[in-house]
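Below is one structure, written out as structure tokens, with a few remarks after it.
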Amino acid sequence: MGERVFNFSAGPATLPLPVLEEAQATMVSLPGIGASPLELSHRSRWFDGVIEEAEENLRGLLAIPDGFHVVFCQGGATQQFSMVAMNLQPAGGAAAEYVVTGSWGERAAGEAIALGPARVAWSGKDDGYVRTPDPGELHESVTADAAYVHVTSNETIQGVEWWPETPIVPNGVPLVCDSSSDFLSRPVDVARYAILYACAQKNAGPAGVTVAIVRDDVPRRIPDGLPAILDYRTYTEHGSLYNTPPVFAIYVLMLVTRWLRDEVGGLAEQLRINRDKAGLLYEAIDESVGFYRGHAVPASRSLMNVTWRLPTEELDRTFVAEAEAAGMIELRGHRSVGGIRASIYNAMPLEGVRQLAAFMRTFAAAHG
Ligand code: PMP
């Protein structure tokens with residue numbers, strides 16, 4: 001096996017080593033079956049057990065109440081942008097409202113606006129997406145007759161996260177959340193959402209599967225005539241097995257959720273660890289007295305994607321190159337915003353973050 005580096009990629013992202021080892025051990029032949037997880041039917045007894053455990057683990061970790069479906073889709077979070085709009089926007093009905101705190105919310109809103117009545121209720125774009133709105137601003141911008149309100153719990157590109165949680169919306173308005181990059185990183189009150197969705201390739205597994213948690217009343221609102229693959233009922237009514245699901249991705253997601261349950265000990269403990277890890281990097285930023293400039297305002301700082309800049313773009317590039325030479329890869333900020341981004345999802349070991357914080361101090365001392 002080649003040596004492993006610390007991989008700060010925003011997604012697909014680093015996975016827990018025990019999960020990779022388990023997938024490696026079963027890759028050629030699953031015990032008692034004699035075939036690879038890549039070769040087995042989604043109608044096999046083996047996969048019945050896998051998808052059942054994946055759902056059960058998610059229900060346990062997130063304390064998902066009765067009355068919610070857990071479904072496994074493909075098409076990434078991007079497909080959810082369209083599915084949410086197509087499933088929840090009645091033709092000729094009230095507009096959907098989007099609270100946009102970064103690039104992904106902007107994309108989601110764009111998709112909904114193209115498909116039906118929808119509008120941006122609040123946007124942080126003019127400030128450069130550095131924060132979430134405060135309750136007063138939201139109260140003024142979100143209306144009580146919206147078809148639904150859509151939020152992004154963590155903006156992966158800007159590193160802006162809602163704390164302590166996403167907003168309370170007017171009574172009865174369905175709340176929809178793109179939780180792609182903070183899914184399973186902290187406890188969530190699932191009961192507040194009509195739909196909460198997340199692509200897997202940050203905290204939950206490899207690319208190829210997307211989880212949607214869908215409240216019971218959503219299927220009743222869905223207009224007829226949608227393509228089957230874009231209708232949530234196709235998933236809720238067939239246990240996500242209407243057509244061939246991404247078998248291997250769901251298998252690895254099951255292993256990740258098992259790891260979170262058994263090795264980490266649940267999401268409250270994971271949040272504690274995530275606070276410690278992010279704290280190390282924000283401390284190094286704050287301590288550098290302006291050499292490193294964090295992107296988000298402190299109250300909206302992400303625990304998953306820590307974003308900052310150096311005094312010049314040239315120093316950004318030198319930082320990334322020297323970090324890579326020291327065994328820390330994928331620290332370049334998203335191509336649309338530049339700067340540095342350290343994605344420190346659940347599977348990033350504390351040791352990797354310690355090493356990066358130490359590197360930041362040494363680098364600042366040499367170049368500051
Ligand atoms: N939303 C968020 C918050 C994301 O981080 C991403 C991917 N980085 C997406 C949506 C898009 O996901 P996908 O590439 O799976 O369509």
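Summary of values
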{"read-out": "Heavy atoms of V337 accessible to a 1.4 Å probe, total area in Å² rounded to 10", "value": "50 Å²"}
{"read-out": "DSSP H segments from the chain that extend 24 Å or more along their own axis, Cα-based, with Kyte-Doolittle mean of 0.0 or above", "value": "350-367"}
{"read-out": "Hydrodynamic radius (Kirkwood) for the stretch 44-92, which is based on Cα pairs only, to one decimal in Å", "value": "13.1 Å"}
{"read-out": "Three principal axis lengths of the stretch 193-304 [C-alpha, angstrom, descending]", "value": "58, 32, 22"}
{"read-out": "Rel. contact order, % - alpha carbon contacts under 8 angstrom, at least six apart, the chain", "value": "23 percent"}
{"read-out": "Average accessible surface area per residue within the stretch 297-366, 1.4 Å rolling probe, Å²", "value": "45 Å²"}
{"read-out": "Vicinal HN-Hα couplings computed from phi for the stretch 135-146 (Karplus, 6.51 cos²θ - 1.76 cosθ + 1.60; Hz; Gly/Pro x)", "value": "x, x, 4, 5, 4, 6, 9, 8, 9, 6, 10, 4"}
{"read-out": "At 0.692 mPa s and 37 °C, Stokes diffusion of the stretch 301-368 via Kirkwood alpha-carbon radius, µm² per second", "value": "267 µm²/s"}
{"read-out": "Per residue Cα convex hull volume in Å³ - calculated over the stretch 189-240", "value": "92 Å³"}
{"read-out": "GNM top mover of V142, V264, V211 - the chain, alpha-carbon springs below 10 Å", "value": "V264"}
{"read-out": "Kirkwood Rh in Å, taken over all unlike Cα pairs in the stretch 1-123", "value": "18.5 Å"}
{"read-out": "GluC sites (Glu not before Pro) within the stretch 101-191, DSSP loop, no more than 15 other Cβ atoms inside 10 Å", "value": "E165"}
{"read-out": "Heavy-atom surface of the stretch 132-204, accessible at 1.4 Å and reported per residue (Å²)", "value": "30 Å²"}
{"read-out": "Check: the stretch 197-263 dipole with +1 on Lys, Arg Cβ and -1 on Asp, Glu Cβ, in debye", "value": "120 debye"}
{"read-out": "Heavy-atom accessible area order for K277, K125, largest first, 1.4 Å probe", "value": "K125, K277"}
{"read-out": "The stretch 21-149, accessible surface, carbon-and-sulfur percent (1.4 angstrom probe)", "value": "52 percent"}
{"read-out": "Span per principal axis, largest first, for the Cα atoms of the stretch 160-231 (Å)", "value": "36, 34, 19"}
{"read-out": "Positive minus negative residues near G102 (Lys, Arg vs Asp, Glu; Cβ under 14 Å)", "value": "-2"}
{"read-out": "Shape category assigned to the stretch 56-180 from the gyration tensor of Cα positions, a/c cut at 1.5", "value": "rounded"}
{"read-out": "Mean separation of Cα contacts under 8 Å, 6 or more apart, over the residue count of the stretch 9-130: relative contact order %", "value": "15 percent"}
{"read-out": "Equivalent ellipsoid semi-axes - Cα gyration tensor, the chain, angstrom", "value": "33, 29, 16"}
{"read-out": "Part-to-part distance (alpha-carbon centres) for the stretch 17-52 and the stretch 119-180, which is given in Å", "value": "39 Å"}
{"read-out": "Anisotropy class of the stretch 247-355 from Cα gyration tensor, a/c 1.5 cut", "value": "prolate"}
{"read-out": "Formal net charge of residues neighbouring A357 (Cβ-Cβ distance under 12 Å; K, R +1; D, E -1)", "value": "-2"}
{"read-out": "Alpha-carbon spread of the stretch 110-180, three principal axes, descending order, Å", "value": "29, 27, 24"}
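The values are calculated or read from the model by the stated rules, or taken from the named source; none is laboratory data. Predicted, not measured: the structure shown is a model, and the values here were computed from it. Note: ideal-geometry Cβ built from the backbone for every residue, glycine included; neighbour counts use all protein chains shown. Just the protein is used for accessible areas: all its heavy atoms, side chains included, with ligands, DNA and RNA removed. Shrake-Rupley method; radii C 1.70, N 1.55, O 1.52, S 1.80 Å.
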